[in-house]
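The values are calculated or read from the model by the stated rules, or taken from the named source; none is laboratory data. Source: prediction; values computed, not measured. In this analysis, Cβ positions are derived from the backbone assuming ideal geometry, glycine residues included, and neighbour counts consider all displayed protein chains.
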Amino acid sequence: MKTGKITFTALLLSLSFSLSLIESFIPVSAFIPVPGLKLGFANIAVMAALFLCGRFSALCIVVLRPVLNLIMFGNITSFILSLSGGILSYAVLVISVKMYGKVFSFGGISIICAVFHSIGQVAAAAFVVSDTVVFGYLPLLCAASSATGLLNGFIMNCIIERITILGGSKNAYHAK
Amino acid sequence: MHVEKKLFRNDIILFAAVVFVSLLVYFAFSFNSDSEKNIVEVQYYGKIIAEISLLQDGEYRINESGYTVEVKNGKMTVSYTDCKDKVCTGMLIDENGGEIICVPNKIVIRRETQSSNHNADVSAG
């Protein structure tokens with residue numbers, strides 16, 4: 001990796017970490033009563049990393065953000081949940097990003113990722129409590145998280161539009 | 001925000017489809033509750049450690065970290081948990097169903113199912 005790419009990845013990693021901190025202050029479950037629902041702003045940074053720096057940078061953010069969270073707060077359960085959800089949705093993101101600009105904008109891609117993020121998290125939760133009863137929440141979580149996914153996707157659309165206007169090529173670091 | 005109209009339409013269609021399918025699955029599974037009404041079982045690390053009647057009011061301490069549930073007027077709610085995210089404090093069990101799941105504490109509380117064995121004679125209290 002080139003130095004510029006490493007620096008940019010680190011910047012996006014810290015951005016995703018701060019976004020996940022900020023969203024923890026927003027009481028989203030007060031408005032939508034689905035247990036475990038989060039806005040998932042941190043995933044905007046992952047999508048941006050995939051788009052601007054490539055797959056490996058995105059994977060770094062997916063893996064290192066939960067690690068940072070674990071070091072800062074020592075919450076092992078949320079580490080397991082966000083890592084498993086993150087890796088599953090990363091795998092799906094890498095595949096589904098090929099549909100960008102052809103079938104979906106980032107809105108649709110983000111919905112797909114959000115659904116698989118929920119699946120990964122619920123599967124990990126079922127593994128942790130050793131009971132499949134958690135899967136009962138999966139439909140509700142999928143419905144609610146596809147709404148937040150759509151929101152994140154539209155934010156991502158705006159970001160890409162701004163970057164293009166600013167003169168950054170679509171694959172700023174790929175091009176070099 | 002400038003998105004091609006066709007892509008925007010596809011996004012919305014996908015969103016509507018996901019919500020529709022999810023709610024369909026949710027309602028399809030919420031109607032087949034053939035479990036017993038007033039007894040709930042407490043699972044800790046996947047093992048049934050206690051059975052609690054919803055007809056008896058009281059507070060039940062479940063594990064050594066102080067996880068406590070309260071039964072009042074046929075409703076069970078979480079009265080104390082030491083976990084950070086407090087997801088489970090919004091969950092309750094009443095005559096309509098429901099379950100209490102605390103992932104950090106590895107606790108699952110739900111209606112007694114017919115498949116579960118009835119050997120658990122430990123009762124919390």
Filter result for the condition that a residue is small (Gly, Ala, Ser), within 24 Å of residue A:24 (Cβ to Cβ) and either in contact with a His (Cβ under 6 Å, 6 or more places away or on another chain) or not in a helix (DSSP H, G or I) (or both), over A:89, A:82: A:89
Some residue of the stretch A:100-116 being crowded, with 20+ Cβ neighbours inside 10 Å, outside any helix (DSSP H, G or I) and of a type in the set (S, T, N, Q): yes
Out of A:150, A:81, sole residue that is in contact with a Phe, Trp or Tyr (Cβ under 9 Å, 6 or more places away or on another chain) and under 15 Å from residue A:38 (Cα atoms): A:150
Any hit, the stretch A:55-66, residues being crowded, with 23+ Cβ neighbours inside 10 Å, aromatic (Phe, Trp, Tyr) and farther than 22 Å from residue B:88 by Cα: no
Any hit, the stretch A:123-133, residues being closer than 19 Å to residue A:16 by Cα and more than 11 Å from chain B (Cβ to nearest Cβ): no
Residue check for residue B:32: modelled with pLDDT of 75 or more and assigned to a loop (DSSP other than H, G, I, E, B): no
